[in-house]
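Read the structure below first, then the notes.
The values are calculated or read from the model by the stated rules, or taken from the named source; none is laboratory data. Computed from a predicted model, the values in this text were never measured in an experiment. Here Cβ is always computed from backbone atoms with ideal geometry, including for glycine, and neighbour counts include all displayed protein chains.
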Amino acid sequence: MLIDAHNHGLLKTSIARIHQLLKLEQAAAGYAEITGGARNFKRLRELPHFERDDGAWFDFAITVAQKGRQPLELVAYDFEIRFDGKNPAFVRFDLNKPGHQNEAEGVRSHLHPGADDLSVPSPFMSPGEILTLLLHERFLRWPDKVRATSA
Amino acid sequence: MNVGLRSIGTAELALRASNRPGAWFVLIVADVLAVREAVRELVTELGYLSEQEVSSLETQSAPEALAAAFEQCPPGVVVTHGFESFSSQTWQDMDLLRSRYRRDASVIMVMTLASMDLLMQNAPNLASWIGNAWQWDEHAHELSNPEREQRLQALREQFGLSDQEVIAQAEQGQLPMDPEYAEWLVLLGKGALLDHE
Amino acid sequence: MASRIETFREYMRRLDATAGPREILDLGLYVPGSKRTVADEVAGRLELKPDSTHVVLGGVGSGKTTELMLACDHLNQHDDFGAFYIDISKHRDLQSLTSTDLTNIVLDQLEQLTNYYRWRSGGVNPSIFQDCRAWLSEDPYHHYTNNLNSPYEFLEALIGELKKVTRHIIVVLDSLDRLIDADQFSSIVLDELSHFRKHGIGLVLTAPLAAMYGTARTVLDRFDRFHYHPWVSIELGSDGLDFLVRVLHARVPPSFCPEQPSRRLAALSGGVLRDLVALAQSAVEEAYLDGSDTLTEAHVGIAADTFGRKHLLGLNPEEIEILQRIRRTGTFVQTSDRDMTLLVTRRVLEYHNGRTRYAVHPTIEPLLDQLASP
């Protein structure tokens, strides 16, 4: 998906760099972490990340579990895309770890529209669906001419 | 004798092979056991990338039979192995049959360095087809130690907790729900504590 | 507009080093040299003397097969010539090839390639071809109408029929250069040579490079002409580099592969056409992975390094020392099979541009330098 996006001009990050950024960490008990770019809480552009054709940049981390012959289970993820000089400056899609309270309140899946302390419930999406959104030609893109109310 | 080959991971080699028509690649692995592992990973990875069927062929020390198998393979990348049983003569025989191995899609030969040395010594026509040879880096896709430490340090600074505190909270079932904590435990090799949640 | 990957895949397809020469010719990718080529020489001499015999030698990847096919195409433009190209290795395991096998393969191909139904108007007797087919396939049920009992009798009869519609028959046999040594080549070919001569068939074939050196060279004297297809000379002052850049630009546009990286690729190929194409394909791949829309010298450098490291594999310390000596002095004397192997495997390249010169393959030169450094 990332390579396709590059080949269609939507992702500036080269294919060689895509291979360098995509990593896997396997742990005991069937858990694994798939990372794309560095862990970047401070939102420093100099840390490794993916970059879109319009300058927006993102990274992500996905936790999965495979128990025996069961299908791969999605445990948690966070995808954050950043828009320098824009407001909101970032959008982050979180899938919390499974847990009774989390799911009872319907907030396991949520997004942060430009603030770590502000979250909005969002539909449950697979990592592939979120990447499709991040790499989409129309959605999550600032238009060339921004309306005055968005400034 | 060699000055060392460049290393390559499975995903990158699969990508190169799926985009290069007619190319012959050699992947050097440490030993015979690694051959099977590398072949398995390559076939899986190529399956995701390639529009055509991927074939895996073991030589059985018989160049003539291998040539026949090549001719019967469906269009698509071929991953071939089993060269460790080849003698100098077998390589010479394979060299003479070179025309019969020609394909439109690429071919990956997985073998040990010793086998590659014999190929280079005895099969000059086949060797002229081999564009690239790499050493297999079976860990290319994994987080390096510095990368893992970068992530852990960022987590510690962000949440103001030590690794031991996070483990203790997880053991008590009191770890926050945020996705970053799941990653934290996996990076510490404590993924099993996620089962406590 | 083609996507990036479609564009790069097209470049890759045009830079397929394993592509058959017929495909290259049909795609219009062949670039003639500025001097008379082997194809010109062979075709020209056969036009003058259609029953002459020719042997072609050249290194692996020098483009010999392309020249042979071109010679065939050239001759077949004449109404009174029938030139047949045959790749022996596609019909028989070369390791166990005998002289009788050679004649049987020629028979088989002449029978298959001749459209004798179309030539029936010329008075050709199709039953000879039918008997030949049945004899070659050992058909126990065929009713033979001609009393022919050996490959040589069939050869004589087939040629006799073919000459009713085309005056001159030329047989081009390829792949015999892959035989390990000149003795094996001699034992297979020389007996059959007399049969072909007897029937006035023009013959062109490739021979092992080893036939050029030492006592093996006497086998070449049994042919009317010997043609050597050398590596392209890339010495300063020669037009070899320009030619190689033209070969490259016939396959990828200069807008993608500008002059500097093109000349660098040409130099690194050592004048070996197949290596030029392979290096170029590898460099294009680096450009693709790097996200670049043009080829740069950096991409060429990575391709050359990867190629060179592979090219050094399989060498023992003595061979490395020979290469170091060539690198330092430019001198090389073939005194052993090991020396011949270095030539055949293109670690050592021999150039003929007024004088004979030797050099190590350019891609291994920096690596040899690295090995020599303390």
*Matching residues, region C:69-92, being more than 14 Å from every other protein chain (Cβ to nearest Cβ), outside any strand (DSSP E or B) and not aliphatic (A, V, I, L, M)*: C:72, C:73, C:74, C:76, C:77, C:78, C:79, C:80
*asked:* Let me confirm something: among A:69, A:17, A:52, A:39, which residue is of a type outside the set (Asp, Glu) and under 21 Å from residue B:137 (Cβ atoms)?
replied: A:17
*Can you find even one residue in region B:69-81 that is within 14 Å of another protein chain (Cβ to nearest Cβ) and buried (at least 21 other Cβ atoms within 10 Å of the Cβ)?*
yes
_Any pair with Cβ under 7 angstrom, 6 or more apart, that starts in region A:101-112 at a residue that is facing chain B (nearest Cβ under 10 Å) and at pLDDT 65 or above and ends at one that is surrounded by 10 or more Cβ atoms within 10 Å (Cβ to Cβ) and assigned to a strand (DSSP E or B)_ = A:107/A:121; A:108/A:95
*Out of B:175, B:152, sole residue that is away from chain C (no Cβ under 14 Å) and in a loop (DSSP other than H, G, I, E, B)*: B:175
*Output the number of residues of region C:12-26 satisfying the condition of being surrounded by fewer than 16 Cβ atoms within 10 Å (Cβ to Cβ) and more than 13 Å from the chain's Cα centre (by Cα).*
3
_Within region C:254-261, does at least one residue satisfy the condition of being among the charged types (D, E, K, R) and surrounded by fewer than 22 Cβ atoms within 10 Å (Cβ to Cβ)?_
yes
*How about region A:7-44: which of its residues are buried (at least 19 other Cβ atoms within 10 Å of the Cβ), assigned to a loop (DSSP other than H, G, I, E, B) and either on the phi > 0 side of the Ramachandran plot or of a type in the set (Ser, Thr, Tyr) (or both)?*
A:13, A:37
_residue B:99 vs. criteria within 7 Å of chain C (Cβ to nearest Cβ) and either part of a helix (DSSP H, G or I) or closer than 16 Å to residue C:94 by Cβ (or both)_ = yes
*asked:* Restricting to region C:27-74, give me the number of residues that are surrounded by fewer than 21 Cβ atoms within 10 Å (Cβ to Cβ), within 18 Å of residue C:271 (Cα to Cα) and of a type in the set (Gly, Ala, Ser).
replied: 2
_Among the residues of region B:116-138, are any modelled with pLDDT under 90, facing chain C (nearest Cβ under 10 Å) and more than 19 Å from residue C:60 (Cβ to Cβ)?_
no
*asked:* Would you confirm whether or not region C:6-18 contains a residue that is closer than 18 Å to residue C:77 by Cα, more than 9 Å from every other protein chain (Cβ to nearest Cβ) and part of a helix (DSSP H, G or I)?
replied: no
*Hey, any hits in region C:209-224 for a residue that's aromatic (Phe, Trp, Tyr) and modelled with pLDDT of 80 or more?*
yes
*Specify which of the listed residues (B:165, B:157, B:147) is in a helix (DSSP H, G or I), more than 8 Å from chain A (Cβ to nearest Cβ) and free of Cβ contacts under 8 Å to residues at least 60 places away in the same chain.*
B:165
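Name the residues in region B:178-197 that are part of a helix (DSSP H, G or I), touching a residue at least 12 places away in the same chain (Cβ under 8 Å) and either facing another protein chain (nearest Cβ under 9 Å) or buried (at least 18 other Cβ atoms within 10 Å of the Cβ) (or both), would you? Working first, answer last.
Step one: list which residues in region B:178-197 are part of a helix (DSSP H, G or I), which gives B:179-187, B:191-196.
Restricting the remaining residues to those that are touching a residue at least 12 places away in the same chain (Cβ under 8 Å) gives B:180-185, B:187, B:193-194, B:196.
Selection gives B:180, B:181, B:182, B:183, B:184, B:185, B:187, B:193, B:194.
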*Run residue C:142 past the list (1) at pLDDT below 85; (2) farther than 30 Å from residue C:190 by Cα and report the number of the one that doesn't hold.*
(1)
